[in-house]
1. Which of the GluC sites (Glu not before Pro) found in region 1-93 are loop residues per DSSP with 15 or fewer other Cβ atoms within 10 Å of their Cβ?
2. Antiparallel as a % of all DSSP beta bridges within the chain, to the nearest 5?
3. Report the extension gain between Ala19 and Leu116 in nm, rounded to one decimal, defined as 0.36 nm multiplied by the number of residues separating them, less their alpha carbon distance.
4. Give me the lysines in straight-line cross-link reach of Lys81: C-alpha distance below 30 Å, same-chain residues under 8 apart excluded.
5. Counting other C-beta atoms within 10 Å, which of Leu63, Leu167, Leu156 has the fewest, and how do the rest follow?
6. Find, among the trypsin sites (Lys or Arg not before Pro) in region 171-218, those assigned to loop by DSSP (not H, G, I, E, B) with at most 15 other beta-carbon atoms within 10 angstrom.
7. Any idea what angle helix 191-200 forms with the longest principal axis of the chain, computed on alpha-carbon atoms, 0 to 90 degrees, nearest 10?
8. Would you mind checking region 88-127 for residues with the amide N under 17 Å from a putative spin-label position 7 Å along Cα→C-beta of Arg155?
Amino acid sequence: MKYRCLIVDHDDTVVNSTATVHFPCFREYVSQYRPEYSCTLEHYFLRNFDPGVVAFFRDDVGLSEDEMRHEQAYWNEYVQKHVPQVYPGMADILWRQKREGGLLCVISHSYRDNILRDYRENALPEPDEVFGWECPPHLRKPSPWAVEQIVEKYRLTPDQVLVLDDLKPGLDMARAAGVDFAAAGWANDIPEIEGFMRTNCEHYFKTVESLGEWLADG
């Protein structure tokens, strides 16, 4: 494979989770606690892209800090009962990375336990490292801290590392850490998101298949 270490995001990069789990959970929550608020899947994608989920919940939905903690607990209970499916072709990429002696790491805004559950349920290889939402807020993406921990622990050089993510925080993290970045563009067909990522990312892939071909051409 092209890179010694593949660092992947989780939601909408490895598993199809926003459309099938997170957005349905959000609609269920607001129907009970903010019935005056309505939102399309496209708008949900856009606001999670910019300005991000915390600002979206605070400024758009109007949740207080206490309400956001309540929503987070509601979401966490919901995801225990709903397992997102891996994108077709992604399992082959992750398994090949491991079979060929590479490192597979996850840096995500989901919780570590949920990520590992999704990997088990989708028969994916166990990651070497997982950094999730349980990290202190100032060390989560877009902070480069998690990438730096991986690079130091496994004695990697920056050119041996690729970050794969569908959102801008992943891009910002990779840039701050000085490693390569590839944009995952298969979760949605929203022009604003695709346009930004195509313009600002050296590598953009609209399909999992095209990513796999590029990674295999090492």
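1. On the way: sites: Glu28, Glu36, Glu42, Glu65, Glu67, Glu71, Glu77; in loops: Glu36.
Listed in order of number, the matching sites are Glu36.
2. On the way: 2 of 21 bridges.
In the chain, approximately 10 percent of DSSP beta bridges are antiparallel ones.
3. Numbers: separation 97, 0.36 × 97 = 34.92 nm, distance 1.99 nm.
Taking Ala19 through Leu116 to full extension adds about 32.9 nm, to one decimal.
4. Lys98, Lys141, Lys168, Lys206
5. On the way: Leu63 22, Leu167 25, Leu156 17.
Lowest to highest Cβ neighbour count: Leu156, Leu63, Leu167.
6. Working: sites: Arg175, Arg198, Lys206; in loops: Lys206.
Within region 171-218, the qualifying trypsin sites (Lys or Arg not before Pro) (loop, at most 15 other Cβ atoms within 10 Å) are Lys206.
7. 30 degrees
8. What the label zone holds, given the 17 Å backbone N cut-off, is 102-103.
Read-outs throughout are calculated quantities, based only on the coordinates presented, and are distinct from any laboratory measurement. Note that the structure is predicted; figures quoted are calculated from it, not measured. Please note: Cβ atoms are built from the backbone with ideal geometry, for glycine as well, and neighbour counts cover all protein chains shown.
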